[in-house]
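A.B. asks: For reference, the structure I am asking about is given below.
The values are calculated or read from the model by the stated rules, or taken from the named source; none is laboratory data. Just so it is clear, the model here is predicted, and its values are computed rather than measured. Glycine gets a Cβ as well: all are built from the backbone with ideal geometry, and neighbour counts include every protein chain shown. When the accessible area is computed, the model is the full protein with side chains, heavy atoms only, and any ligands, DNA or RNA have been set aside. Shrake-Rupley method; radii C 1.70, N 1.55, O 1.52, S 1.80 Å.
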Amino acid sequence: MVKQIAIIGGGIIGATTAFYLSDLQGNENVQVTLFDDDTGQATKAASGIISPWLSKRRNKRWYALAKRGAELYPELVKAAQLSDRAYQQSGTIVTRKSHDDLLALYHEAEIKVQHTSAMGNVELLDADEVQRRMPLLTNAPAGIFVSGGARIDGANFVTELLTRAEQNNVQVSHQRVSLIADGSLETSDGPRKFDRVIIATGAWMHETLQPLGLNVKVRPQKGQLIDLTINMPNQWKDMPVMMPESMSDIIPFNGGKLVIGATHENDEGFDLTPKAAARKQLFKNAQAFIDNLSESQITDMRVGTRAYTDDFAPFFGVVPMVPNFLIGGGLGSSGLTTGPIIGYFLAQAILGGPLDDWSQYTKPVSRYIV
């Protein structure tokens, strides 16, 4: 008997879960409907960097999850036949303001790369070499190059994943749905009951689960970034991305798009209004490394709402007291890295595949739901 599966939320967790439910062994036993109204979605407003290995974060569960997420990407990109508009392994340059800190980080990278094949190669680069590899820079810092790092465009990534999923057993419904106390969904066609429900509504998760009498401890964080158009000669193709310490990421895309961002604003709630002050700060951060930029080159400003937990850690698993519900969220600013592996785990659980020990990646869901 084919089971009816609902996914609420079409961001990076929801889209990846949908794709794997259409691709993994056992997919013929499920029919999936993904509901999403696109409002404020962090993923579709995001461009980012997949390169967690040299992060300053010391949360071991987060690092294990992010590491698995980065390792998953090449397999996912191949399985879903994603274009380089969605994902490209470009390499990452990570900087530190202090030369001693940079050397210490390089020694850490040398140790990690020995047992982390997804990192590829690591190199310590002086400022001249960084500028050679990223010729758009005019004030290049020294840095560490990690060849396994990648750039991702959230909107293209989600769109391409869902296009692949729709070719099999997934229906995408662009509408806002709500839960009913008995666990069914109120849709535009009336109430619908599903065998399993996956909740992936990000910062809106508290609102989503309220009808079940559950309180999810997540808060919204506003993220803004800017797109600029730059002259990009053909020989500048496939530049690495740069993660400057305590500054905005520098993310060049082939074709002349340059992304700078993103902000981390904790007091804006669900406000999706682009703010002039954020635009000015992001542009200033870009000018610190590319001083010949002009504000006239800014072509777009994107705004999304991330979800954060009080311990800044993602979570996923079975919803307490509602065993046919699964949940994944609290991604924060690492969502482009950790979201897909969570989607993979949730899809495995639905399809009855072999499960990893989730406790190595997340605290119990009951830690975040009361």
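A.B. asks: Seen from all sides and averaged, what is the projected area of the convex hull of the Cα atoms in segment 32-181, in nm²?
C.D. replies: 12.0 nm²
A.B. asks: Counting only heavy atoms of protein chains, what accessible area per residue, in Å², does the chain have with a probe of 1.4 Å?
C.D. replies: It amounts to 42 Å² per residue over the chain.
A.B. asks: Taking all protein chains as present, what is the carbon and sulfur share of the accessible area of segment 180-306, in % to the nearest whole number, probe 1.4 Å?
C.D. replies: Looking at segment 180-306 in its full context, I get 47 percent from C and S.
A.B. asks: Give me the accessible area of residue 174, 1.4 Å probe, in Å² rounded to the nearest 10.
C.D. replies: Counting only protein heavy atoms, the figure is 130 Å².
A.B. asks: Pairing the Cα long axis of helix 335-351 with the longest principal axis of the chain, what angle in degrees results, from 0 to 90 and rounded to the nearest 10?
C.D. replies: Between the helix axis and the principal axis of the chain, the angle is about 30 degrees.
A.B. asks: Something else: Kindly express, to the nearest 10 degrees and within the range 0 to 90, the angle between helix 154-166's C-alpha long axis and the longest C-alpha principal axis of the chain.
C.D. replies: 40 degrees
A.B. asks: Can you sort 151, 302, 192, 176 by solvent-accessible area, 1.4 Å probe, largest first?
C.D. replies: Solvent-accessible surface, decreasing: 176, 192, 302, 151.
A.B. asks: Right, here's the next one. Give me the extension gain from residue 296 to residue 270: residue separation times 0.36 nm, minus the current Cα-Cα distance, reported in nm with one decimal.
C.D. replies: Length difference between fully extended and current span is 6.5 nm.
A.B. asks: Also, quick follow-up: Using protein chains only and a probe of 1.4 angstrom, how many square angstrom of residue 117 are accessible, to the nearest 10?
C.D. replies: My reading of the accessible area for residue 117 is about 110 Å².
A.B. asks: Sort 249, 182 by accessible area with a 1.4 Å probe, largest first.
C.D. replies: 182, 249
A.B. asks: Could you tell me the accessible area of residue 24 in Å² (1.4 Å probe, neighbours in place), rounded to the nearest ten?
C.D. replies: Its accessible surface works out to 40 Å², give or take rounding.
A.B. asks: Given the -39500 (n - 2.57) contribution per DSSP H run of 4+ residues, what per-residue ellipticity at 222 nm results for the chain, rounded to the nearest 500 deg cm²/dmol?
C.D. replies: -8500 deg cm²/dmol
A.B. asks: Which whole-percent values make up P(r) of the chain when all C-alpha to C-alpha distances are grouped in 20 Å steps starting at zero?
C.D. replies: Per 20 Å bin, starting at zero, the Cα-Cα P(r) for the chain comes out as 30, 57, 13, 0 percent.
A.B. asks: For segment 74-161, divide the Cα radius of gyration by the Kirkwood radius and give the resulting Rg/Rh value with two decimals.
C.D. replies: Checking Rg against Rh, the ratio lands at 1.05.
A.B. asks: Would you mind computing, in nm to one decimal, how far apart the modelled labels at residue 124 and residue 357 are, each placed 7 Å from Cα along Cα→Cβ?
C.D. replies: 3.6 nm
A.B. asks: For the chain, what proportion of DSSP beta bridges, expressed in % and rounded to the nearest 5, is antiparallel?
C.D. replies: In the chain, approximately 70 percent of DSSP beta bridges are antiparallel ones.
A.B. asks: Using only C-alpha positions, report the orientation-averaged shadow area of the convex hull of segment 214-264, nm², one decimal.
C.D. replies: 5.2 nm²
A.B. asks: Now for a separate question. Between segment 259-331 and segment 155-232, what is the C-alpha centre distance in whole Å?
C.D. replies: Each part reduced to its Cα centre gives a spacing of 17 Å.
A.B. asks: Tell me, what does the Kirkwood hydrodynamic radius of segment 195-287 come to in angstroms if you use every pair of distinct C-alpha atoms?
C.D. replies: When all Cα pairs of segment 195-287 are included, the Kirkwood radius is 16.0 Å.
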